[in-house]
Amino acid sequence: MSTMQGFNYRQFMQEYWQKKPCVIKGFIPNFVDPLDEHDLAGLAQESEVDSRLISQQGANWQVTQGPIDDFEPLCKGAWILLVQGVDKYIDEVNMLTDQVSDIPHWRLEDVMVSFSNEGAGVGAHIDEYDVIIVQGKGRRRWQVGLPSHFNQLVTHPLLKQIDGFDAVIDQELAPGDAIYIPPKHPHNGVALTDCLNYSIGFRAPTDLELLAGIVDESEALAAKQTRYTDPDQLALRCAQAPASLVSNGELQALTQMLQRLLESEAGQQTIVQYLSRQALPELACDEEYTKRDTLSILTQSAVLIRAPGVRPIFKEKASDTFTFYIDGGAFVAPQEIAVLTQAFISEEATHLPLNLTKIQMSLMADLCTELLNAGYWYLENA
Ligand code: SIN
Ligand code: CO
């Protein structure tokens, strides 16, 4: 009942997404791990990478936050190394999200990869987000329950475990299988052998996070702000109303002000700008490109590649220009290259030369110079 044989996107969305957990046998047929535990350990040594190692010996749980220099003293008993955002460092990991490439990019958080030895896991817990966990090499037993109230189990200050749940799914996953866990569903994965797991993590803001995010991105909105006015309202305010009262009418006017701002074109663009944030690492660009360099590149036979994990997003077009966002940054393509730019940012690799008019070439060079220098795109073999 809660198992899909092979992955069918439509069926998955209709029956399971945000509704109930399921096991997907053969989520990725003929699965080959895009990395191994040594690659993962290498990433965990980097200071900009978010990693942690959790070990368990009997009732004793230890948690070490990365960067991790020396694994030897930490890898005692059952242990699991978890590395966040691997999609931003190892491009091959992005093939894992191909099956769910129709899910909007703004709903995607990252791909977290874990390596565990026999008996290891992070313990039973609940997450706030949807996750599809793909089994890499090895085997792992997954148990998933239904949302309810659970007692916290305090085994370590950095672990948010619960003291157990009734499993509605209890299955062993083999390489290429996956398990989908909706938010708030308790789960526990225990490695049966050394194994790799890839968690495709999704995200969804709360209303308050969204509001705070819009305020953080409000630079472009500042020019559009309007102030509350009440030229006629106070004459109508009930004479008996105490001065300390904020009337329902006033509250409604204030709320409508906010609504107008959010519904304006600038407000909508700001929401998209906030949704584009994805905590990209400092993307190194070895050389500073000038417009002249880029103009010459665009006329050569070369390939421009989008950096790993970079996911540009945009809203439906409301003007002749085309605005897109990457990690909270706005980029505007003028009308002459609007269509071209939409196609360009949607491709992982763009083969040059582009067949452009002189004016398009100049505008495209401006944009590509910006994108290359930000490290969001790079030139193959550069
Ligand atoms: C993992 O152990 O690989 C994922 C941990 C989780 O369930 O969130
Ligand atoms: Co979890």
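Remarks
- Residues in region 98-129 that are closer than 17 Å to SER276 by Cβ and among the β-branched types (Val, Ile, Thr): ILE103 alone.
- For region 176-203, filtered to residues that are charged (D, E, K, R) and within 24 Å of HIS38 (Cβ to Cβ), the residue that is farthest from ligand 2 (Cβ to nearest atom) is ASP194.
- Qualifying residue in region 269-276 (condition: farther than 18 Å from LYS224 by Cβ and in contact with a strand residue (DSSP E or B) (Cβ under 9 Å, 6 or more places away or on another chain)): yes
- Within region 21-56, the set of residues being farther than 30 Å from ALA167 by Cα and outside any loop (DSSP other than H, G, I, E, B) comprises HIS38, ASP39, LEU40, ALA41, GLY42, LEU43, ALA44.
- With respect to being surrounded by 15 or more Cβ atoms within 10 Å (Cβ to Cβ) and either in contact (Cβ under 8 Å) with a residue 12 or more places away in the chain or away from ligand 1 (no atom under 16 Å from the Cβ) (or both), PRO186 fits the description.
- Here GLY58 passes the criteria (1) under 23 Å from ASN8 (Cβ atoms); (2) more than 23 Å from the chain's Cα centre (by Cα); (3) away from ligand 1 (no atom under 14 Å from the Cβ) except the one numbered (1).
- Contact map, region 112-135: first residue assigned by TED's automatic domain parsing to the domain that holds LYS25 and under 23 Å from ASP87 (Cα atoms), second residue acidic (Asp, Glu) and more than 14 Å from ligand 2 (Cβ to nearest atom), Cβ cut-off under 8 Å, separation 6 or more or different chains; pairs are PHE115/GLU37; PHE115/ASP194; SER116/ASP194; ASN117/ASP194; VAL134/ASP177; GLN135/ASP177.
- Taken as a whole, the structure places ASP98 among residues that are of a type outside the set (Phe, Trp, Tyr), within 22 Å of the chain's Cα centre (by Cα) and away from ligand 1 (no atom under 14 Å from the Cβ).
- Selection count where residues are of a type in the set (Asp, Glu), farther than 19 Å from TYR325 by Cα and not in a loop (DSSP other than H, G, I, E, B), scope region 190-227: 1
- When the strands (runs of 3 or more DSSP E) confined to region 67-173 are screened for residues that are away from ligand 2 (no atom under 13 Å from the Cβ) and farther than 26 Å from GLN45 by Cβ, those reaching at least 3 such residues are found at 167-173.
- Checked against (1) crowded, with 16+ Cβ neighbours inside 10 Å; (2) touching a strand residue (DSSP E or B) at 6+ places or on another chain (Cβ under 7 Å), ASN94 passes all but a single condition, namely (2).
- Qualifying residue in region 143-151 (condition: farther than 23 Å from GLY66 by Cα and within 12 Å of ligand 1 (Cβ to nearest atom)): yes
- Residues in region 205-229 that are among the acidic types (Asp, Glu) and at pLDDT 95 or above: ASP207, GLU209.
- Residue identified as in the same structural domain as VAL111 (by TED's automatic domain parsing) and under 30 Å from GLY328 (Cβ atoms) among ILE181, ILE169, ILE162: ILE181
- Number of residues in region 56-73 that are crowded, with 17+ Cβ neighbours inside 10 Å and free of Cβ contacts under 8 Å to residues at least 40 places away in the same chain: the value is 3.
- Annotation note: of ALA174, ALA191, ALA167, the sole residue that is within 12 Å of ligand 1 (Cβ to nearest atom), in contact with a strand residue (DSSP E or B) (Cβ under 9 Å, 6 or more places away or on another chain) and small (Gly, Ala, Ser) is ALA191.
The values are calculated or read from the model by the stated rules, or taken from the named source; none is laboratory data. Not measured: the values here are computed from a predicted model. Virtual Cβ from ideal backbone geometry, glycine too; neighbours counted across all protein chains shown.
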